[in-house]
Every structure is written in C-alpha cells, then in structure tokens.
Amino acid sequence: MSFDTILRNARVAGQEHEPVDIGVRDGRIAVISSRPNLIAQDNARDIALDGRLVIPGFVESHIHLDKSCISDRCSCRTGTLQEAIESVAAAKLAFTEEDIYARGRRTLEKAMVQGTTRMRAHVEVDPRIGLKGFRAVSQLKRDFAWAVDIEICVFPQEGLLSDPGCDELLVEACDGGADLIGGCPYTDSDPHGQIARIFDLGKRYDIDIDFHLDFDLDPSWMHLDEVCRQTAEYGKGGRVTIGHATKLSALDHAALDQIGVKLANAGVAVTVLPATDLFLMGRGAGRLVPRGVAPVHRLVSQGVTCSLATNNVLNPFTPFGDCSLLRMANLYANIAQLGRPEELQACMDMVTLLPARLMNLGDYGIAVGNPADIVVLDCADRVSAVSELAQPLLAMKRGRISFSRPTATINWPVATPSLEDDFRAGSFAEAKSLARSVP
Ligand SMILES: [Zn+2]
C-alpha cells in the first residue's frame, strides 16, 4: 500500500501506551499500525514523531471572530458584562466587512497554529451591523477551509423581540447558508419569547441551536429550564447547546446534580468559557471574588456533553487570548482544582472529543477512514499536554500540513548532540519547508 505521508512512532490520545505508525493517503487516514512496517515510497513524506502525542485537532465550540481584536477601540472602567455589551455595541457601528475579515483572519491564524482544526463561530446579526459580520465570516470560512472547518452560528447579541428588524436579518442569514442559529435571551425584553422564536427558526431550517445563557451568579432562576423544555417539545435533543451557564457555579452539589439529570435527559450540551466567565463574573465582590465558572466536569459524569471554549479574544469581554484551547483546559483544571491524571484527561476531552460530539462531527478522530486531521503535540500523553501546556508542533488538515514549528533550541555552552537535534534536522525540517509553500 502506498502513502502520501507516514507519521512514525506516534502516541494516539486515549491509547498512549502503544505507539503506532499512521499512514495517510488521499487526505484520509489509511492505516494505523502498531508495528513499524509501513513502507514509504518515492515521494511520500516520512515523519518521525519519536513517541509524541497526536490528536485529531482541538475543537473550538464557541468563538467570536467578528468582534475579536478590538481592545484598542474600547475603553472600559467597570469591567462588567453590561459595560462589555455596550462598549462592543458602540464599536460595532464602525465595523466594515473588510475590517471584520482582517481581524477574524488574525484570530483564525492564531487558532490554527494552536492546533485547532474545527470551529463553531458565533456571528452577531442585528439592524446596526446587518449581515456584514455574516458575510465576512462566511468568506473566512471559505478561505480557511484548507486549515479549519468552520460552522457559523448567527445570533442576536442585543435582543431579538426588542430589536425591530433583527428577525428579518436572522432569516436572511439562515436563507444565506448559516449553519446554525443562536440566542441571547438575557438581553431581550422577552427572554422566553426569544427562546421560542429561536426554536421555531431551528425547526424551520433544520439546524442546531446554541444559546448564550444564564450568564450571572443568581441561581434562583434560570432560562435553562425553558431551553430544556423546548428542546424536548421540538425533539431537538443532541442538537442544542447552552454557553456560559455561570449560574451553575452558584449551586451546591445536590442542586447541580438535579440540573445535570435535566440536561442529560433533554440532550442539552453545555459550553464553559473560562476566560470570559472568570473575567466578568463577581465584579461586585470586594474580596473572596467568586470564580463564576460552571463546574461542568461534574456534569460530564452524568452524561452531559460539555466543552471548554475560547469565546472572546482581545475585546472588553476578554482582553486576553492566544486562541489556545490547551491553555483553556489548563485554566479550567486550575480553577476547578483538578490535578489527578484522570481529571486532567477529562479536561483534554473537553477541548477535543466532547466538543466534537457537541457539534455532531461524525468523522472526527484518529481512525482509519476519517479525514487525516492530525495535530502533533510536544509531549507523550494527555496529562502532560494539559499540565505542561505542550506546544503544538505540526497540524495536518485532510492530509496536508497546514503549519509546523520547530522545537526550542537550547544553546549549551558546550556543544552537546541530542535527540532533539536529530528530530529537528530530520523530518520536521522537511515539514517546515512544506509549510512555507502554504498559500
Ligand atoms: Zn459567546
């Protein structure tokens, strides 16, 4: 059997104990062999991974490309959610399609070199911005298809029933190919009315739904109940996600367990956005500031599909961001006080396997027949990846290398040959030259 690429001595996440060779042909994984018997023919790339970890890429289940990289256009003082919404709404008035494209491109380039291969981008639609964001991100989706599969979730950030003209634009975006629809009921004058309308559109276009929801620390009421109820009524189990859900961080374990049963039964997934939730929640506390991050690892054990995601990058919601989902897993582990090996592995799952399930990606995984989406991390297992923030060294999208970077060189005062020198001088040097030819 001939291959376009052979990755040798790779450790596949979840089966790290037994290194394998992976043969790639015509953009797909053709063979996974536990024995070093794959033969490279003529022009095949032959890449030695020296026991490094391979994953099918990180899956970004919630990011805003359209309002990324605008920190320099906003001046915030209180740091509250309300201020962030108002500040971005004001900045948004000056957005052009070209401007959104340029900032989104900068953010996407960061995500791809952090090893992200799949993404759900939330895009704002309303009478002020119109469809500029949708058109710009649609263009990015086409232009980055060689590196990242992007699905677009259009949503009304500033209200739907309270914002005349917004509904028509959402419909136009759905007619124009939006992949799914989202909501933000906490900014609407009629939250339940908005939830009902979003489910109505989800049914009409047969698309999945993803809400920004329950984004405060008051557990005495939740929109989550209504979303679970509507999910059952519309038969949308497995196709609905809620993001933030910071109210869940204010519940005791017994109450959280009850919510977990409700979410699992309804088939509603949860995405936690640790950087934003940490930055915006608890602003009123003078001391012992609450973390405000929903402890979703507890819900995972109840059968709820939960993911960790980036959300905002360099704007008033989150003035940070390198788009590293591995860093998000590390941040979550740190604030949720998770350190045992199985806990760190679970955090890795929440930026890989679980968001893939949340997005219903049936062809995700290092398995024969799947697209050759493969990311190499500079570590041997998932525990090291999360605890040490291992560098992504190379990504392959459908069999084509989309980026690579060398490992660091330590300049000892006395020349000392090392395995790292062999590694860099060999296969990765070739990969680097290939990456340069990327358009
Ligand atoms: Zn968001």
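Brief remarks on what is shown
- Filter result for the condition that a residue is within 16 Å of the ligand (Cβ to nearest atom), free of Cβ contacts under 8 Å to residues at least 60 places away in the same chain, surrounded by 16 or more Cβ atoms within 10 Å (Cβ to Cβ) and among the hydroxyl-bearing types (Ser, Thr, Tyr), over 271, 231, 246: 246
- Any helices (runs of 4 or more DSSP H) falling wholly within segment 233-314 and containing at least 2 residues that are under 16 Å from the mean Cα position of the chain (by Cα): 274-280
- For segment 123-163, the set of residues classified as among the charged types (D, E, K, R), under 21 Å from the mean Cα position of the chain (by Cα) and crowded, with 21+ Cβ neighbours inside 10 Å consists of 124, 141, 149, listed by residue number.
- Residue identified as in contact (Cβ under 8 Å) with a residue 12 or more places away in the chain, more than 16 Å from the ligand (Cβ to nearest atom), among the aliphatic types (A, V, I, L, M) and open to solvent by less than 40 Å² (accessible area, probe 1.4 Å) among 313, 304, 300: 304
- Selection status of residue 116, among the hydroxyl-bearing types (Ser, Thr, Tyr), open to solvent by 10 Å² or more (accessible area, probe 1.4 Å) and more than 27 Å from residue 171 (Cα to Cα): no
- Residue match in segment 327-345 (condition: acidic (Asp, Glu) and either within 16 Å of the ligand (Cβ to nearest atom) or in contact with a Lys or Arg (Cβ under 6 Å, 6 or more places away or on another chain) (or both)): no
- If you go through segment 316-326 and keep only what is assigned to a helix (DSSP H, G or I) and away from the ligand (no atom under 16 Å from the Cβ), you end up with just 326.
- Of all residues in segment 61-80, those being touching a Leu at 6+ places or on another chain (Cβ under 8 Å) and either within 16 Å of the ligand (Cβ to nearest atom) or assigned to a loop (DSSP other than H, G, I, E, B) (or both) number 8.
- The residues of segment 125-166 that are within 16 Å of the ligand (Cβ to nearest atom), in contact with a strand residue (DSSP E or B) (Cβ under 7 Å, 6 or more places away or on another chain) and of a type in the set (Asp, Glu), listed by number, are 151, 158.
The values are calculated or read from the model by the stated rules, or taken from the named source; none is laboratory data. Computed from a predicted structure; not experimentally measured. All Cβ positions, glycine included, derive from the backbone under ideal geometry; neighbour counts span all protein chains shown. Just the protein is used for accessible areas: all its heavy atoms, side chains included, with ligands, DNA and RNA removed. Shrake-Rupley method; radii C 1.70, N 1.55, O 1.52, S 1.80 Å.
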